[in-house]
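What follows is one structure encoded as structure tokens, with my remarks underneath.
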Amino acid sequence: MSPLTTPPVLPPHYYLDNFLSIVDVVSTRYSDLLTETETHWLTAFSALPKNAQLLLVRLLTRKGDWFRCDKLVYPEIPDIESATTRLSEEGFLIETTQPPFEIVAKLMTKAELLSLYCHLSIKATLRKPEIIATIVENNEEAVPPLPTRFLCLKHDVLPVFLLLYFGNSRQDLSQFVLNDLGIYRFENVQLRPEDRLFTSRKQIADWLFLSSLADLYWEYTEAKEVTSALKVSQQLPEKPFWPPLTRKWERLANKLAREFERQKDEGSAQHLFSQSSLPPARERLARIAIKQTRFEDAAAIVTDMLTAPKNEDEADVAARIARQLAKKTDCPSPEKAGEAFGSEHITLVLNERVELESARHYAQQGWQVWYCENSLLNALFGLLLWDIIFAPVPGAFLNPFQRAPRDMYSTDFTTARREMIKQRFEALEQGEYDLLAVYDAKFGITNEWVNWSWAERDMIEAALSTLSSTQIIACIKRILFDAKSNRAGHPDLFMVKEGKCQFVEVKGPGDKLQHHQVRWLNFFATHGLSAHTLYVSADLPKQPVDL
């Protein structure tokens, strides 16, 4: 591994620069979809003096909506007092000395609460929760004027802005602005107006509503309120036809259906699972059918899964269920896959992690070894398809700080770029694609598939000189089939010697092969790539014998 140079220090106002990126994208790409209130917010924000903009973004990146003025300390912001006043005048926040009691209880210290409610003669030995309980028991929740001002943010428009910028409802400003975007270099992706994700206000409203349902379901399940969680299904709208929202709907439908199944409501579970194309919907439908002794129905579902699996896990589970059904139906039954690869057993003194000791062991035998885990094949994937990954495809890129397109881990990625991928494979086979030139030109630019700290140039060069284009393409195709699963499970070591290469999966004491690792090793065997498992036992020091 050769770590990159020490990252530069972030400029003091980097968080404002990043937030202005949101303002710019929302203003330029979605102005026709914004409400009058949202447009006014953007205009008012742009007119704020810089110190007020800095303070507002700082507050937006913090947890919660309430803050104490006397606790606002930001050395890079001049005159916080005037910034606060301006934000209040422009309606970005509310100032008060009498916030709700729950805010006082949360933001004031134990000592401050004792002083504020000294007339109750509360014992100082009590813990803060007990002090708060005492105040409530005495019906003293009415908050007297406080010596410090409290601020409450007003930002109802932000969920829309963040959705338009990130393309999801999970990321927020705390995640975005605190991320070290100023450190990394991003690919210069063309953000064309015609490639934007949202094309109507209804899509935005439907997305936010579905997100609110998903959040509600999560809150109920976290609180173990199963009945309330299942009632969320009563608010679930009809399955949308817009693909990005369809996947979001199906994810929530799968969660609700699985909970119905656990609660023995198989009818409701089937109703939702049957509308979902996302795994594990078909698996669950097959298992419900088996439970209800509808073996032929189960066999039909499993046959479809075997014929066109959605991902690696679905292919595996379909094979397992098929072998069970073969005893009762004519369902095709694939043989259980064994291990088509070899293994080696050695004993080593383990002063470092087992992979490094194993790499040293092979180096002593004349191999040039890289401890690479998943970095080699993923780097080949990212470098071979670099311009295709960052191609301006509708809905793929929403902001300048993406490591990969939105559809990277869905089947839509390949579908939308099928011809480009086909041409790239042909170019590689004909020796017309210089992957190392891409490595040199793009070195250091962020790509979700290329970890520059691990993807050493000589390792890439060694792989290109020992793997055929056919083998590389086979690996890339396998990753494309299920990018989320197949970007992991690669062997730990890659090594070359006398023009030949070898992949080695290292297993230390007590460690076992995982399913996705077995799949990769079997795949290598099928495609003529040399790979095996190395089982390492620890060479323990001998104990002295008492005479």
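Summary of values
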read-out: Of the criteria (1) in contact (Cβ under 8 Å) with a residue 24 or more places away in the chain; (2) outside any loop (DSSP other than H, G, I, E, B); (3) in contact with a Lys or Arg (Cβ under 7 Å, 6 or more places away or on another chain), which one residue 91 fails; value: (2)
read-out: Of all residues in region 471-506 being polar (S, T, N, Q) and surrounded by fewer than 20 Cβ atoms within 10 Å (Cβ to Cβ), the one that is nearest to residue 414 (Cα to Cα); value: 485
read-out: Evaluation of residue 156 against (1) closer than 30 Å to residue 248 by Cβ; (2) at pLDDT 90 or above; (3) surrounded by fewer than 16 Cβ atoms within 10 Å (Cβ to Cβ) (one fails), failing number; value: (2)
read-out: Residue in region 353-372 that is farthest from the chain's Cα centre (by Cα), counting only those that are under 23 Å from residue 489 (Cβ atoms) and assigned to a loop (DSSP other than H, G, I, E, B); value: 367
read-out: Selected residue [among the hydrophobic types (A, V, I, L, M, F, W, C), at pLDDT below 90 and within 30 Å of residue 399 (Cβ to Cβ)] from 173, 93, 116, 120; value: 173
read-out: All positions within region 239-267 that are over 28 Å from residue 291 (Cβ atoms) and among the charged types (D, E, K, R); value: 248
read-out: Residue match in region 69-86 (condition: within 26 Å of residue 166 (Cα to Cα), outside the structural domain of residue 399 (by TED's automatic domain parsing) and either buried (at least 18 other Cβ atoms within 10 Å of the Cβ) or at pLDDT 90 or above (or both)); value: no
read-out: Members of region 301-319 found to be under 14 Å from residue 332 (Cβ atoms) and in a helix (DSSP H, G or I), listed by number; value: 301, 302, 303, 304, 305, 306, 307, 315, 318, 319
read-out: Residue match in region 518-530 (condition: modelled with pLDDT of 95 or more, under 22 Å from the mean Cα position of the chain (by Cα) and outside any helix (DSSP H, G or I)); value: no
read-out: Single unsatisfied condition, residue 436 versus (1) surrounded by fewer than 17 Cβ atoms within 10 Å (Cβ to Cβ); (2) hydrophobic (A, V, I, L, M, F, W, C); (3) in contact (Cβ under 8 Å) with a residue 40 or more places away in the chain; value: (3)
read-out: Breaking point among (1) closer than 16 Å to residue 159 by Cα; (2) surrounded by 15 or more Cβ atoms within 10 Å (Cβ to Cβ), for residue 110; value: (1)
read-out: Filtered residues of region 222-244 (kept if farther than 19 Å from residue 280 by Cβ, part of a helix (DSSP H, G or I) and at pLDDT 95 or above); value: 222, 226, 227, 228, 231, 232, 234, 235
read-out: Test result for residue 468, without any contact (Cβ under 8 Å) to a residue 12 or more places away in the chain and surrounded by fewer than 22 Cβ atoms within 10 Å (Cβ to Cβ); value: yes
read-out: Residues satisfying the stated conditions in region 440-457, i.e. part of a loop (DSSP other than H, G, I, E, B) and either buried (at least 16 other Cβ atoms within 10 Å of the Cβ) or assigned by TED's automatic domain parsing to the domain that holds residue 189 (or both); value: 448, 449, 451, 452, 454, 455, 456
read-out: All positions within region 291-319 that are touching a helix residue (DSSP H, G or I) at 6+ places or on another chain (Cβ under 9 Å) and farther than 30 Å from residue 478 by Cβ; value: 291, 292, 294, 295, 296, 297
read-out: Tally, over region 55-88, of residues that are within 35 Å of the chain's Cα centre (by Cα) and part of a loop (DSSP other than H, G, I, E, B); value: 11
read-out: Test: residue in region 466-489 that is touching a strand residue (DSSP E or B) at 6+ places or on another chain (Cβ under 6 Å), part of a helix (DSSP H, G or I) and assigned by TED's automatic domain parsing to the domain that holds residue 366; value: yes
read-out: Single unsatisfied condition, residue 139 versus (1) part of a helix (DSSP H, G or I); (2) farther than 30 Å from residue 12 by Cβ; (3) out of contact with any Pro (no Cβ under 8 Å at 6 or more places or on another chain); value: (1)
read-out: Selection count where residues are part of a helix (DSSP H, G or I), β-branched (Val, Ile, Thr) and more than 33 Å from the chain's Cα centre (by Cα), scope region 284-300; value: 1
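For (1) touching a strand residue (DSSP E or B) at 6+ places or on another chain (Cβ under 9 Å); (2) outside the structural domain of residue 446 (by TED's automatic domain parsing), each residue gets a yes or a no:
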{"position": "308", "(1), (2)": "no, yes"}
{"position": "320", "(1), (2)": "no, yes"}
{"position": "351", "(1), (2)": "no, no"}
{"position": "357", "(1), (2)": "yes, no"}
{"position": "401", "(1), (2)": "yes, no"}
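Residues are listed down the side, and each one gets a yes or a no for (1) more than 45 Å from the chain's Cα centre (by Cα); (2) over 15 Å from residue 102 (Cβ atoms); (3) outside the structural domain of residue 83 (by TED's automatic domain parsing); (4) of a type in the set (Val, Ile, Thr):
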residue	(1), (2), (3), (4)
115	yes, yes, no, no
120	yes, yes, no, no
124	yes, yes, no, no
130	no, yes, no, no
146	no, no, no, no
156	no, yes, no, no
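The values are calculated or read from the model by the stated rules, or taken from the named source; none is laboratory data. Since the model is a prediction, treat every value here as computed from it, not as a measurement. Please note: Cβ atoms are built from the backbone with ideal geometry, for glycine as well, and neighbour counts cover all protein chains shown.
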